[in-house]
């Protein structure tokens, strides 16, 4: 399907596959959708949404009473090519979202992401507890996480930094690089092929904007602003202020996101189990089915800690994230149509 939308860009037309379209979205089309143009949401602002069409970037005209918070960068929408009004948003293949403190509903970060590049750096910014949160977020959304260690050119040996993160999740891929070097694009090419979508997340100052500029080969006048970090604590300054979709030189797409200072654990189910798989695998062997792996007799996890099979600090981080997740995840109760949110109750030890 290719429906031309007039615009001022002189780029060559793209196929839907080049935009990231797949059979997952094709299966959602109905006969009534004939004549509508599939487009990819590229930016979402307070009162404005833009999209990438097969013919180039356009500004969408939102229907009356539409809310921009209902759209995420990376979404697929079916658009009336005459009015440029999105008629329908297609179901998302993956959804990256987080719950902000005091927020009633999760905040959308990005949609239809194949790979999440979790960016940190070879300096004091590297925080394994924060990385575990990002990994849980990626796992819950269905994306493939890859940890990117930037500023590898600024240390004599990046092995100590790699060693800190390699064991955070089974099968985790870790890439160390200089975000400003052309070689960075080659190192990340396996996840950036035509039609693939990656998203960049991480705290401020770790090199996300530099990496975006390298992957997209942006001209100096189009490049994202980059910021330095403070020498004293390796903390960075925000340079990206909104989420946006960019074409990667190798044919894929990259979604840049603002630096996330606080990532609360919430709405997680399988995400934590995939990060702390060594704990999840032993839990069924505990005497109590709701064992907290703290003080209960017959705890298989504590037994593994005693013989050095599980790092006690990692177990403590699992416990903290689990407690935080239960506290922050709303629980709906009550009769259908009149459900209310109630706080999670504390665990009690119940035999199997």
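Nothing in this text is a laboratory measurement; each read-out follows from the coordinates by a stated rule. Bear in mind the structure is a predicted one, so any value in this text is a computation, not a measurement. Here the Cβ is made from the backbone with ideal geometry for all residues, glycine too, and neighbour counts use every protein chain on show.
Note the direction-averaged projected area, equal to a quarter of the hull surface, for the Cα convex hull of segment 22-158, in nm².
In nm², the orientation-averaged hull projection of segment 22-158 is 11.3.
Counting only Cα, what are the radius of gyration and maximum Cα-Cα distance Dmax of segment 82-132, in Å?
Taking only Cα atoms of segment 82-132, I get Rg and Dmax of 16.4, 52 Å.
Could you compute the FRET efficiency for residue 66 and residue 170, with r as their C-beta to C-beta distance and R0 at 30 Å, rounded to 0.05?
0.10
Fewest first, what order do 26, 273 take by the number of other Cβ atoms within 10 Å?
In increasing order of surrounding Cβ atoms, one gets 26, 273.
Using Stokes-Einstein with the Kirkwood hydrodynamic radius over Cα pairs, what translational diffusion coefficient do you get for segment 141-183 at 4 °C and a viscosity of 1.567 mPa s, in µm²/s rounded to a whole number?
Approximately 114 µm²/s, per Stokes-Einstein.
Calculate I(q)/I(0) for segment 16-89 by the Debye formula, one identical point scatterer on each C-alpha and no solvent, and give its log10 at q = 0.15, 0.24, 0.26 Å⁻¹ to two decimals.
-0.45, -1.17, -1.35
Could you line up 314, 89 from fewest to most neighbouring Cβ atoms inside 10 Å?
So the residues, fewest neighbours to most, are 89, 314.
Residues of segment 266-299 with backbone nitrogen within less than 11 Å of a virtual label 7 Å along the Cα-to-Cβ line of residue 313, please, listed as ranges.
Residues passing the 11 Å test: none.
By the gyration tensor of its Cα atoms, with a ≥ b ≥ c the square roots of the eigenvalues, what is the shape of segment 283-328: rounded for a/c under 1.5, prolate for a/b over b/c, or oblate?
oblate
Going by how many other Cβ atoms sit within 10 Å of their own, how do 313, 18 line up, fewest first?
Least crowded to most crowded, the residues run 313, 18.
Tell me, in nm to one decimal, what length is gained between residue 107 and residue 34 on full extension, where the rule is 0.36 nm per residue of separation less the Cα-Cα distance?
Length gained, residue 107 through residue 34: 23.1 nm.
Over all directions, what mean area does the Cα convex hull of segment 103-202 project, stated in square nanometres?
7.2
Test of understanding: what is the full-extension gain from residue 88 to residue 287, defined as 0.36 nm times their sequence separation minus their Cα-Cα distance?
Separation in residues times 0.36 nm, less the Cα-Cα distance, equals 66.6 nm.
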